[in-house]
Number of protein chains: 2
Amino acid sequence: MQTLTASLIIKNASQLVTLHDPKKIGPKGGKAQGELNIIKNGAVAIYGSRIVAVSGTNKLLKSVALTKNARVIDAEKKVVTPGLIDPHTHPVFAGERSGEFEMRIAGKTYLDIAKAGGGINSTVAAVRKASKNVLKENGRKILDRMLTLGTTTVEAKSGYGLTTKDEIKQLQAIKELNEEHEVDLVPTFLGAHEIPPEYKKRPDDYVALVCNEMIPKVSSKELAEFCDVFCEKGVFTPKQTRVILQTAQAFGLKLKLHADEFYNTGGAELAAEFGAVSADHLISVGDEGIHLMHKAGVIPVLLPGTTFYLGLKKEAPTRKMIEKGLPVALATDCNPGSSMTESMQMIMTLACLNYKMSPAEVLTASTINAAFAIDRGNEIGSLSPGKYADMVIWDAGDYREIPYHFGGNMVERVFKKGEMVR
Amino acid sequence: MQTLTASLIIKNASQLVTLHDPKKIGPKGGKAQGELNIIKNGAVAIYGSRIVAVSGTNKLLKSVALTKNARVIDAEKKVVTPGLIDPHTHPVFAGERSGEFEMRIAGKTYLDIAKAGGGINSTVAAVRKASKNVLKENGRKILDRMLTLGTTTVEAKSGYGLTTKDEIKQLQAIKELNEEHEVDLVPTFLGAHEIPPEYKKRPDDYVALVCNEMIPKVSSKELAEFCDVFCEKGVFTPKQTRVILQTAQAFGLKLKLHADEFYNTGGAELAAEFGAVSADHLISVGDEGIHLMHKAGVIPVLLPGTTFYLGLKKEAPTRKMIEKGLPVALATDCNPGSSMTESMQMIMTLACLNYKMSPAEVLTASTINAAFAIDRGNEIGSLSPGKYADMVIWDAGDYREIPYHFGGNMVERVFKKGEMVR
C-alpha cells in the first residue's frame, strides 16, 4: 500500500460529508442534488493546503504517515463538510439601511423610501464618498462574520460605485481583501447594478460608459473574473443587457446575470444564450428559461434570504428546477438593502422551509454546486484528494441539524487551505 | 452633588437604550411599546451586581467615584441595551428532531411523523431515558448559545417527562443549571404539556396525576415558580386546564398558559380569569380574549419563530394587541420540535418582518416586557438604578441594526449582574 504523508488529519467524524462523486465530478442536479456521499466514522488527511486522502478512519490511519509537526483532530460525534461557499454577495459597501428596514415594516413604499433618501442610491452615495480603506474595513467585518459562520469562499460584486473611478475603487478593495483575508474572494464587476441618478434620463449613455470605459479598464487591470448585469424591468432591459454581456465576453470576462427576479424579462434565456456560468434570483423564471438553462449548463443561484427579507410572496420554482435536473446553488445575496445577512446556515434553513429543499439538497447547493456557480468546481466544494482543504467541523452529529437549527451558528471549527482559522 | 461609587462604567455609547420610564416602571403597551428612552453618548455606572447611575457620559463621569479596581469600558459608536430576556423556552431535553424537520419539508403530515416515531413523544421517550446529568449537559449547551447571543435571563419549562419522577428530574436539572450557569433561569412546571402515550385513552386520569401528585411535589420541593398548561384542541381542554390552574394556584404557583395557538379555545379568557402572568402563542386569539387580557393585565408572549418554523400561514394579531394597549413580549419558544433556535435576535427580525412590529417595539418586547412576562420587571429588563446590571454592548451604532441584521450575532459583549461573561 502506498503511504501518503499528512500534516493534518481530522478523524472519527460521525459523518464525513464528502459530496464527491467518484464517477463524475460536477455540479449536482436532479436526484443527485440530494446525494451527499457520507462516510461514517470518516477521516480526511491534508498535506499543506490540499486534501490527500478521504476514507473511513481506520483505513485512513493505516495508509497515512504523519509529518513531524502534524496535527490530528478528533471529530467524534461531529459532522465534517467542505467549507460553505457563498456565490452571490455584495459585501463591500458603506453605511447601513436599518432606517429603510424600519420604514418598510411600517408599510412605506419603495417610492416613500427613495424620497426619504433610502434605497440603493443611498448606498451608492455612501460608497462614492468612502475611501477604499473604509470599504475594506467594512468588508473585512463582513468576511470575518462569514468565516465564523463557516463560509470559506465568497463571490464579491462591485456595483455601488457606478462611476468608473468608484467601481474600480470597490474592485480594488475586493482585490486587497482577497489578498489579506483568510476567505477567498471571487471578484465580479457589476457596474450595471443600477442606472445612477445622473444617468436616469439617458440610460443608454450609462450602458455606453459601462461598455466603452468601465469594462475595458476593469479587464486591463484584471480586477474582475466575472461580469454581472441586473437585467430587470426598470433597471437594464434585455437589449441593454445583451450589449453589456457581449462587451464583457469580448474582454474575456465570464458571465453572471441577475435574472428574472421580479418579472420574467427573459433573463434566464439570455444567460443560456451567452453561456453564463450562473443566473441568479430567478423568482419569476418561466419553463422556457429553465429548459434553456439546463441545455446550456447555466447554474441557477437562488437567494431565499432576499425573498424572506423583502417579504415577497412569490418564490423561485425550486422543485421544478431540481426535477428538470438543474444543479441549484444557494447564496446569501449579502447586501445592505434586501438581504443583510452573512449566514449561509440561515440561507440553508430558509431554503428548506420556504423553497422545500431537503437538508441534503441545501448542503449540495451550498458547497459543490456553489463552487461550480463561481467556476471553482475543480478546486473546492467537495472533500476530494487534490482539492483545497476548506472544511468545517460542525457542532452536530447529523448534517440535517445544520439547517434544522436556525438563527445561530453550528460551526465548531473552520479550516481554510489546511489552516485552522476559526 | 452626591458622589456614587462604581466598580464598572460603560461610557460613550452612541445609544444607551435604557427602556426606563421614570414616571411608571411597568411593561410597555400601546404607543409606549415603541418608546425606548435613548441617551445619546450615554453611560451607565455599576457597583457590584447592580446599576447605580445612568445618564449622559460627561454628567455621569462627574458624579461617580471609581473603586480601586474599577473597569471603564468605552462603547464608542456602540449601542448598549439591557440583556435580552427570553420568557418562553423548553431548553432541557434529550435527542434532536432533524429527521422530523426533513420529513416535514418533504410534505409529511403530523400523523406520518408520529408513525415514524417523531413528534413530541420522541422527545418524551428520550428525556425519560436520559439522566439528570445528560439533561443538564444538553441544557448547558443551549444556555451557552443563548448567552453568546445576548440573552441573560430565560424562562425554562419542564414538560418532556410527563411522569412525576421525570418532571422532577427536568426541574431539578433546571434548578442546578440556574445555580451553575451565568444565565438566570425562571423555572416553570409544564407537566400538562401533552397527554403521555400511556394516558391517551384516559386523559382525565393524567390531569388527576398532575393535580394530586405532580403539583404538590413540585411545590413542596420549591422546584417551580410558574405552572403552565398547553390548552389546545387535542391536548388539554379548557375544563381540564381550569382544574390544573386552580390546583397550581392553591399550591402557590404563579400561572402561564399556552393559549389559542392553533384554535381559539378560550385560552386567553382563561388566562385573564385566573390572573395569569402571561398567555403565550395567541395566534388564534379573538377580540374578547384580547379585551380580557388587557383588563386583567395578562402579558401576551408571542413566538414568531414557531409560526416561521412550522410554516403556519396565520400569525398572531400583533398590531391589534399593541393598538389595544397590551404590552407584547417576544420569546424563542426554543424547543426541538417547533422552534429549534436560541436566538432572540432572530426572533426580533421575524417579529419585524412577519408580525410588523417596529425595531423599537421588538426591543421593548425582548427586554422590559419580557421581564414582566416572567414577573421580574422590578429586577431586570431596563437600565435603571437599582436593577441588576444585565447588559449587552452591540456591534452596531443604532439599535435598529439589531433586527435589521439577520441570521448572525450582533453582540459584542454581554454583562450579567455586573460581570463581563462574553
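The values are calculated or read from the model by the stated rules, or taken from the named source; none is laboratory data. This is a predicted model, so every value here is computed, not measured. Here the Cβ is made from the backbone with ideal geometry for all residues, glycine too, and neighbour counts use every protein chain on show. What goes into the accessible areas is simple: the full protein's heavy atoms, side chains included, and nothing from ligands, DNA or RNA. Shrake-Rupley method; radii C 1.70, N 1.55, O 1.52, S 1.80 Å.
Take the residues in region B:402-420 that are open to solvent by 30 Å² or more (accessible area, probe 1.4 Å) and not in a loop (DSSP other than H, G, I, E, B), then tell me which one is nearest to the other protein chains (Cβ to nearest Cβ).
Once the filter is applied, the top-ranked residue is B:GLU412.
Quick one: which residue in A:THR57, A:THR109, A:THR148 is in the same structural domain as A:SER366 (by TED's automatic domain parsing) and over 30 Å from B:LYS356 (Cβ atoms)? Show your work before the answer.
Working: A:THR57 fails: in the same structural domain as A:SER366 (by TED's automatic domain parsing); A:THR109 fails: over 30 Å from B:LYS356 (Cβ atoms).
That would be A:THR148, the only listed residue that is in the same structural domain as A:SER366 (by TED's automatic domain parsing) and over 30 Å from B:LYS356 (Cβ atoms).
Please specify each residue of region B:259-306 satisfying the condition of being more than 14 Å from chain A (Cβ to nearest Cβ) and among the β-branched types (Val, Ile, Thr).
B:THR265, B:VAL277, B:ILE283, B:VAL285, B:ILE290, B:VAL298, B:ILE299, B:VAL301
Anything in region B:380-401 that is closer than 24 Å to B:PRO27 by Cβ, open to solvent by less than 20 Å² (accessible area, probe 1.4 Å) and not polar (S, T, N, Q)? List them, or say none.
Scanning region B:380-401 gives B:ILE380, B:GLY381, B:LEU383, B:LYS387, B:ALA389, B:ASP390, B:MET391, B:VAL392, B:TRP394.
Every residue in region A:334-353 that is buried (at least 24 other Cβ atoms within 10 Å of the Cβ), of a type outside the set (A, V, I, L, M, F, W, C) and part of a loop (DSSP other than H, G, I, E, B), please.
A:PRO336, A:THR341, A:GLU342, A:SER343 - these are the residues of region A:334-353 that are buried (at least 24 other Cβ atoms within 10 Å of the Cβ), of a type outside the set (A, V, I, L, M, F, W, C) and part of a loop (DSSP other than H, G, I, E, B).
Can you pull out the residues in region B:356-380 that are touching a Leu at 6+ places or on another chain (Cβ under 6 Å) and not aliphatic (A, V, I, L, M)?
Correct list: B:SER366, B:THR367.
With A:HIS294, A:HIS258 as the choices, which residue is closer than 25 Å to A:ASN354 by Cα and either of a type in the set (Val, Ile, Thr) or surrounded by fewer than 23 Cβ atoms within 10 Å (Cβ to Cβ) (or both)?
Being closer than 25 Å to A:ASN354 by Cα and either of a type in the set (Val, Ile, Thr) or surrounded by fewer than 23 Cβ atoms within 10 Å (Cβ to Cβ) (or both) holds for just one of A:HIS294, A:HIS258, which is A:HIS294.
Return only the number of the condition from (1) at pLDDT 95 or above; (2) within 14 Å of B:GLY289 (Cβ to Cβ); (3) out of contact with any strand residue (DSSP E or B) (no Cβ under 6 Å at 6 or more places or on another chain) that B:HIS258 does not satisfy.
The number of the failed condition is (3).
Name every residue in region A:44-83 that is open to solvent by less than 40 Å² (accessible area, probe 1.4 Å), hydrophobic (A, V, I, L, M, F, W, C) and not in a strand (DSSP E or B), in order of residue number.
Correct list: A:LEU60, A:ALA75.
Could you tell me whether any residue of region B:261-276 is touching a Ser or Thr at 6+ places or on another chain (Cβ under 7 Å) and β-branched (Val, Ile, Thr)?
No, there is no match, as no residue in region B:261-276 is touching a Ser or Thr at 6+ places or on another chain (Cβ under 7 Å) and β-branched (Val, Ile, Thr).
Considering region B:157-199 alone, what residues qualify as being open to solvent by 20 Å² or more (accessible area, probe 1.4 Å) and either in contact with a Pro (Cβ under 9 Å, 6 or more places away or on another chain) or assigned by TED's automatic domain parsing to the domain that holds B:VAL414 (or both)?
Matches in region B:157-199: B:THR163, B:LYS175, B:ASN178.
Among the residues of region A:170-193, write down those that are in contact with a strand residue (DSSP E or B) (Cβ under 7 Å, 6 or more places away or on another chain) and assigned to a strand (DSSP E or B).
Correct list: A:ASP184, A:LEU185, A:VAL186, A:PRO187, A:THR188, A:PHE189, A:LEU190, A:ALA192.
Determine whether B:ALA331 is open to solvent by less than 10 Å² (accessible area, probe 1.4 Å), under 30 Å from B:ARG145 (Cα atoms) and either touching a helix residue (DSSP H, G or I) at 6+ places or on another chain (Cβ under 9 Å) or of a type outside the set (Gly, Ala, Ser) (or both).
Details: open to solvent by less than 10 Å² (accessible area, probe 1.4 Å): yes; under 30 Å from B:ARG145 (Cα atoms): yes; either touching a helix residue (DSSP H, G or I) at 6+ places or on another chain (Cβ under 9 Å) or of a type outside the set (Gly, Ala, Ser) (or both): yes.
Spelling it out, B:ALA331 is indeed open to solvent by less than 10 Å² (accessible area, probe 1.4 Å), under 30 Å from B:ARG145 (Cα atoms) and either touching a helix residue (DSSP H, G or I) at 6+ places or on another chain (Cβ under 9 Å) or of a type outside the set (Gly, Ala, Ser) (or both).
From the list B:ALA389, B:ALA351, B:ALA370, pick out the single residue that is more than 10 Å from every other protein chain (Cβ to nearest Cβ), under 16 Å from B:GLY305 (Cα atoms) and in contact with a strand residue (DSSP E or B) (Cβ under 6 Å, 6 or more places away or on another chain).
B:ALA370
Restrict the check to region A:195-206 and report whether at least one residue is within 24 Å of A:ALA371 (Cα to Cα), modelled with pLDDT of 95 or more and not polar (S, T, N, Q).
No, the conditions are met nowhere in region A:195-206.
Can you report the number of residues in region B:138-169 which are part of a helix (DSSP H, G or I) and within 18 Å of the chain's Cα centre (by Cα)?
Adding up the residues that qualify gives 10.
Of the conditions (1) in contact with a His (Cβ under 8 Å, 6 or more places away or on another chain); (2) within 23 Å of B:SER219 (Cβ to Cβ), B:LEU257 fails just one. Which one is it?
The single condition B:LEU257 does not satisfy is (1).
If I filter region B:294-308 for residues that are aromatic (Phe, Trp, Tyr) and touching a Lys or Arg at 6+ places or on another chain (Cβ under 9 Å), do I get at least one hit?
Among the residues of region B:294-308, not one is aromatic (Phe, Trp, Tyr) and touching a Lys or Arg at 6+ places or on another chain (Cβ under 9 Å), which makes the answer no.
Just checking, how many residues over region B:354-367 are in a loop (DSSP other than H, G, I, E, B) and either facing another protein chain (nearest Cβ under 8 Å) or open to solvent by 10 Å² or more (accessible area, probe 1.4 Å) (or both)?
Within region B:354-367, residues that are in a loop (DSSP other than H, G, I, E, B) and either facing another protein chain (nearest Cβ under 8 Å) or open to solvent by 10 Å² or more (accessible area, probe 1.4 Å) (or both) number 3.
Taking region A:104-120, which residues are surrounded by 16 or more Cβ atoms within 10 Å (Cβ to Cβ) and in a helix (DSSP H, G or I)?
Within region A:104-120, A:ARG104, A:ILE105, A:ILE113, A:ILE120 meet the criteria.
With the checklist (1) touching a Lys or Arg at 6+ places or on another chain (Cβ under 9 Å); (2) modelled with pLDDT of 95 or more; (3) of a type outside the set (Val, Ile, Thr); (4) not in a helix (DSSP H, G or I) in hand, flag the one item B:LEU270 doesn't pass.
B:LEU270 satisfies all of (1) touching a Lys or Arg at 6+ places or on another chain (Cβ under 9 Å); (2) modelled with pLDDT of 95 or more; (3) of a type outside the set (Val, Ile, Thr); (4) not in a helix (DSSP H, G or I) except (4).
Considering each of A:GLU96, A:GLU100 in turn, give the residue that is touching a residue at least 60 places away in the same chain (Cβ under 8 Å), assigned to a helix (DSSP H, G or I) and within 11 Å of chain B (Cβ to nearest Cβ).
So the residue among A:GLU96, A:GLU100 that is touching a residue at least 60 places away in the same chain (Cβ under 8 Å), assigned to a helix (DSSP H, G or I) and within 11 Å of chain B (Cβ to nearest Cβ) is A:GLU100.
Determine whether region A:298-319 contains at least one residue that is at positive phi, open to solvent by 10 Å² or more (accessible area, probe 1.4 Å) and in contact with a Gly (Cβ under 7 Å, 6 or more places away or on another chain).
Checked region A:298-319: no residue is at positive phi, open to solvent by 10 Å² or more (accessible area, probe 1.4 Å) and in contact with a Gly (Cβ under 7 Å, 6 or more places away or on another chain).
Does B:PHE308 qualify as being aromatic (Phe, Trp, Tyr), within 30 Å of B:VAL44 (Cα to Cα) and in a helix (DSSP H, G or I)? Give the derivation first.
Values: aromatic (Phe, Trp, Tyr): yes; within 30 Å of B:VAL44 (Cα to Cα): no; in a helix (DSSP H, G or I): yes.
Judged against the criteria, B:PHE308 is not a match.
Name the single residue that is surrounded by the most Cβ atoms within 10 Å (Cβ to Cβ) among those in region A:22-43 being touching a Ser or Thr at 6+ places or on another chain (Cβ under 8 Å) and assigned to a loop (DSSP other than H, G, I, E, B).
Going through the qualifying residues, I end up with A:LYS28.
Go through region B:273-289 and give me each residue that's more than 30 Å from A:TYR355 (Cβ to Cβ) and touching a strand residue (DSSP E or B) at 6+ places or on another chain (Cβ under 8 Å).
B:PHE274, B:GLY275, B:ALA276, B:VAL277, B:SER278, B:ALA279, B:VAL285, B:GLY289
How many of the residues making up region B:218-255 are outside any loop (DSSP other than H, G, I, E, B), within 22 Å of B:ASP205 (Cβ to Cβ), in contact (Cβ under 8 Å) with a residue 40 or more places away in the chain and open to solvent by 10 Å² or more (accessible area, probe 1.4 Å)?
Number satisfying all stated conditions: 2.
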